[in-house]
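Enquirer: Quick one: structure below, then a few questions.
What follows draws every value from the coordinates through simple rules; no lab data is involved. Keep in mind the model is a prediction, meaning the values are calculated, not measured. Counting neighbours? That spans all protein chains shown, and the Cβs are built from the backbone with ideal geometry, glycine included.
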Amino acid sequence: MLPTKTYIYTRDEIVELVRFKSLEQGHDPDDVFRNYAAGDWRHFSRLLEAYAFCAMLPKDDPIFTS
Amino acid sequence: MTPSSPHNWSSTVASLRKASDGRLAGGREAPAHFERYVNLLFRLTVAHREAAIRLSRLAASSKVWALTGGHDPGGRPAVRLTDGRYLRLVAVLELDVSASRQLRFQALTWQYQNAIDDDSWVFRADYSRSRSPAASPPRGHLHIDGTLRQPGVLRPKQPLGRVHFPCRRPTLEAAVVLLADEFGVPTNAPHEVWRAAVAEHEAKSARLFDS
């Protein structure tokens, strides 16, 4: 087992990671942001990495309402 | 694998105990202790020597963390196992301000799969704290990819893999035991060493789930 790496991201890097992880799973990032904000974590297992990054953002981040 | 002496495992077990206590103590250091705990738990048990995990958070906040398999943020979140297969692992952790900044799982998934980047999965556990305790499917549940021998049991066109078998708290220790004892995934430490460590810490890990 290798030593664990720790990553600390800016807000914009987090948003890009949500986009990347959503597209990687074949989902529209805008839908993922919208569903997360609505508390609807659909496709839970496949998209949990994307939702994890969403959870790091403040609930009032403009990405959830734009 | 490089054979390790009993002394080395004693040291690992002691470090595991310290990390376990730290993750349960809460506060800003708890996520780092949790990361250390998971690393040591897998090191003792089913992790390949090149297996890896990573911890991520937003710079402006240290309230929510993600612990995922692998080192590469652009890669698949999977931990390489000693049997050549993978455990896909994503955990969302939160310092619960309503509970003295105790560390809690907000969500968790772990999935045993044949390859790193396809859908060849065997079983999976999911947990979502935000789901109502009375919700269906339940907060914690297990999926198994397979077929039933008895026909007509499931609803038409419903595969077994979509059935939610309730499991209240799908701990990482449960994943390790399932892999090692039921699926024969080789462990790094001898059985009596890793099994005692898991037994010592699994009940404590329940505190990381719904309070």
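Enquirer: How about the range A:17-66: which of its residues are within 11 Å of chain B (Cβ to nearest Cβ), surrounded by fewer than 16 Cβ atoms within 10 Å (Cβ to Cβ) and of a type in the set (Gly, Ala, Ser)?
Expert: A:Gly39
Enquirer: Exactly one of these conditions fails for A:Ser45: (1) out of contact with any strand residue (DSSP E or B) (no Cβ under 7 Å at 6 or more places or on another chain); (2) of a type in the set (Ser, Thr, Tyr); (3) assigned to a helix (DSSP H, G or I). Give me its number.
Expert: All conditions pass for A:Ser45, except number (1).
Enquirer: Let me ask something additional. Considering the range B:154-201 alone, what residues qualify as being surrounded by fewer than 17 Cβ atoms within 10 Å (Cβ to Cβ) and in a helix (DSSP H, G or I)?
Expert: B:Leu160, B:Gly161, B:Arg162, B:Asp181, B:Glu182, B:His191, B:Glu192, B:Ala196, B:Ala199, B:Glu200
Enquirer: Still on this structure, please answer the following. Only one of B:Glu182, B:Glu173 is touching a residue at least 12 places away in the same chain (Cβ under 8 Å), closer than 30 Å to B:Thr12 by Cβ and of a type in the set (Asp, Glu); which?
Expert: On the way: B:Glu182 fails: touching a residue at least 12 places away in the same chain (Cβ under 8 Å).
Exactly one of B:Glu182, B:Glu173 is touching a residue at least 12 places away in the same chain (Cβ under 8 Å), closer than 30 Å to B:Thr12 by Cβ and of a type in the set (Asp, Glu), namely B:Glu173.
Enquirer: When you check B:Glu50 against the structure, is it in contact with a helix residue (DSSP H, G or I) (Cβ under 9 Å, 6 or more places away or on another chain) and either surrounded by 20 or more Cβ atoms within 10 Å (Cβ to Cβ) or not in a helix (DSSP H, G or I) (or both), yes or no? I'd like the intermediate steps shown before the answer.
Expert: Details: in contact with a helix residue (DSSP H, G or I) (Cβ under 9 Å, 6 or more places away or on another chain): no; either surrounded by 20 or more Cβ atoms within 10 Å (Cβ to Cβ) or not in a helix (DSSP H, G or I) (or both): yes.
It is false that B:Glu50 is in contact with a helix residue (DSSP H, G or I) (Cβ under 9 Å, 6 or more places away or on another chain) and either surrounded by 20 or more Cβ atoms within 10 Å (Cβ to Cβ) or not in a helix (DSSP H, G or I) (or both).
Enquirer: Filter the range B:100-122 down to the residues that are touching a residue at least 24 places away in the same chain (Cβ under 8 Å), under 15 Å from B:Arg162 (Cα atoms) and either more than 11 Å from every other protein chain (Cβ to nearest Cβ) or in contact with a Leu (Cβ under 8 Å, 6 or more places away or on another chain) (or both) and list them by number. Spell out the reasoning first.
Expert: Of all residues in the range B:100-122, those touching a residue at least 24 places away in the same chain (Cβ under 8 Å) come to B:100-106, B:108, B:110-117, B:121-122.
Of the ones still in play, those that are also under 15 Å from B:Arg162 (Cα atoms) are B:111, B:121-122.
The answer is B:Gln111, B:Val122.
Enquirer: Answer yes or no: is there a residue in the range B:56-77 that is under 21 Å from B:Arg195 (Cβ atoms), touching a strand residue (DSSP E or B) at 6+ places or on another chain (Cβ under 7 Å) and within 9 Å of chain A (Cβ to nearest Cβ).
Expert: no
Enquirer: Oh, and also: Does at least one position in the range B:79-97 carry a residue that is within 12 Å of chain A (Cβ to nearest Cβ) and free of Cβ contacts under 8 Å to residues at least 24 places away in the same chain?
Expert: No: the range B:79-97 contains no residue that is within 12 Å of chain A (Cβ to nearest Cβ) and free of Cβ contacts under 8 Å to residues at least 24 places away in the same chain.
Enquirer: B:Gly27 fails exactly one of the following numbered conditions: (1) surrounded by fewer than 20 Cβ atoms within 10 Å (Cβ to Cβ); (2) facing another protein chain (nearest Cβ under 8 Å). What is the number of that condition?
Expert: That leaves (2) as the condition not met.
Enquirer: Please indicate, with yes or no, whether at least one residue in the range B:124-131 is more than 18 Å from the chain's Cα centre (by Cα) and either acidic (Asp, Glu) or surrounded by 16 or more Cβ atoms within 10 Å (Cβ to Cβ) (or both). Give the derivation first.
Expert: Looking only at the range B:124-131, we keep the residues that are more than 18 Å from the chain's Cα centre (by Cα), and these are B:130-131.
If we keep only those that are either acidic (Asp, Glu) or surrounded by 16 or more Cβ atoms within 10 Å (Cβ to Cβ) (or both) too, we end up with B:131.
Yes, the range B:124-131 contains at least one residue that is more than 18 Å from the chain's Cα centre (by Cα) and either acidic (Asp, Glu) or surrounded by 16 or more Cβ atoms within 10 Å (Cβ to Cβ) (or both).
Enquirer: A:Asp12 - would you say it is assigned to a helix (DSSP H, G or I), within 19 Å of B:Ser56 (Cα to Cα) and of a type in the set (D, E, K, R)?
Expert: Against the criterion (assigned to a helix (DSSP H, G or I), within 19 Å of B:Ser56 (Cα to Cα) and of a type in the set (D, E, K, R)), A:Asp12 qualifies.
Enquirer: Count, please, the residues in the range A:1-22 that happen to be touching a strand residue (DSSP E or B) at 6+ places or on another chain (Cβ under 9 Å) and touching a residue at least 40 places away in the same chain (Cβ under 8 Å).
Expert: 3
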